[in-house]
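*Asks:* First the structure, then my questions, so here it is.
The values are calculated or read from the model by the stated rules, or taken from the named source; none is laboratory data. Keep in mind that this is a model prediction, so the values were computed, not measured. Note: ideal-geometry Cβ built from the backbone for every residue, glycine included; neighbour counts use all protein chains shown. The area values use the complete protein model at the heavy-atom level, side chains included, leaving out ligands, DNA and RNA. Shrake-Rupley method; radii C 1.70, N 1.55, O 1.52, S 1.80 Å.
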Amino acid sequence: MRFDCFAQNLHDMSVLKHIWGDVERHFLASTSCSGLSFPGLTTVNQSQISIRSIVPNMAQLFSYTACRQLSQMFLAVIFFHGSEYILAVGIHGRSNVTLKSLLISKHYLLAMVFSLLEYCVEIILFPGLKEHWWISNLGFAMVIIGEIIRKMAIITAGQSFTHLIRTHPSEHHRLITNGIYRVVRHPGYCGFFIWSVGTQIMLCNPISTIAFALVVWRFFAQRIPYEEYFLRQFFGSQYEEYGRRIPSGVPFVK
């Protein structure tokens, strides 16, 4: 007897569930046709549709495009900072080099994390944005060019190149005007500017491209006059004449 009652209850529940499903479908159909809107219900329905459309796009994070662009980014960052440290040790000696020669700061890490978050959001929501390969390849070329310019600057300057601005004269410090320094006064800054912006163009990150360009430019626009104040103190008219002839290498910075 109890079993029969339990079975009857299950049957009644299934029937009610079926009826409710039909009512819900007819109700949604009638409201869409009549133009009526119920904010709470439509919001839930739209949210479900949005989630269903976003979840399949999560696979874009493991697509060929994402794997290629992100691997290029990680390799570019690792090579840049690793080579900076190795060159600093080779030129100045291990005892005179600290981890600051890796050029990794808190603000730099935050900027890189933001750029990766932007990339992940955009490739999920707007995967087609990352498929502009001519833009990505342009950024990759900028990364290589910027890397070459900066490393040429370090190797050419030798012991005269430091990651920290010299505020006092040194016996190893001399004015370098040969090699790439014949073309730009600050090839190290020029190379880093091209490299950093290129990393974001390579990822097809529109927001980070603009942000990196503005932030890095502003940093060098403040750093170059400060550094050149001391260079004029050290080298006098020799640097004044050099500064008049050769551009800084950073756009719109004299």
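*Asks:* Taking the options THR199, THR162, name whichever one is outside any helix (DSSP H, G or I) and of a type in the set (S, T, N, Q).
*Replies:* THR162
*Asks:* Further, regarding this structure: Six or more apart or on different chains, Cβ atoms under 9 Å: show the pairs whose first residue is in the range 61-72 and over 11 Å from ILE124 (Cβ atoms) and among the aliphatic types (A, V, I, L, M) and whose second is open to solvent by 30 Å² or more (accessible area, probe 1.4 Å) and modelled with pLDDT under 90.
*Replies:* Close Cβ pairs (under 9 Å, with a partner that is open to solvent by 30 Å² or more (accessible area, probe 1.4 Å) and modelled with pLDDT under 90) amount to LEU70/LEU61.
*Asks:* Okay, moving on. When the range 71-101 is examined, which residues are found to be closer than 22 Å to ALA211 by Cβ, among the hydrophobic types (A, V, I, L, M, F, W, C) and surrounded by 12 or more Cβ atoms within 10 Å (Cβ to Cβ)?
*Replies:* Selection gives MET73, ALA76, VAL77, PHE80.
*Asks:* Taking CYS204 and the conditions (1) in a loop (DSSP other than H, G, I, E, B); (2) under 19 Å from GLU227 (Cβ atoms), which numbered condition does it fall short on, given that it satisfies the others?
*Replies:* (2)
*Asks:* May I pose another question? If you check ARG68 against the conditions, is it at pLDDT 55 or above, closer than 30 Å to SER196 by Cβ, charged (D, E, K, R) and open to solvent by 50 Å² or more (accessible area, probe 1.4 Å)?
*Replies:* yes
*Asks:* Okay, moving on. In this structure, is TYR239 in contact with a Leu (Cβ under 7 Å, 6 or more places away or on another chain), farther than 30 Å from SER115 by Cα and surrounded by 14 or more Cβ atoms within 10 Å (Cβ to Cβ)? Outline the logic, then answer.
*Replies:* Numbers: in contact with a Leu (Cβ under 7 Å, 6 or more places away or on another chain): yes; farther than 30 Å from SER115 by Cα: yes; surrounded by 14 or more Cβ atoms within 10 Å (Cβ to Cβ): yes.
Judged against the criteria, TYR239 is a match.
*Asks:* So, in the range 142-178, how many residues would count as being of a type outside the set (Phe, Trp, Tyr) and more than 17 Å from GLY243 (Cβ to Cβ)?
*Replies:* 25
*Asks:* Let me ask something else. Restricted to the range 114-152, and to residues that are crowded, with 17+ Cβ neighbours inside 10 Å and acidic (Asp, Glu), which residue is farthest from VAL184 (Cα to Cα)?
*Replies:* Per the criteria, the residue is GLU122.
*Asks:* Looking at (1) in contact with a Leu (Cβ under 6 Å, 6 or more places away or on another chain); (2) open to solvent by 30 Å² or more (accessible area, probe 1.4 Å), which is the one condition that is false for SER105?
*Replies:* (1)
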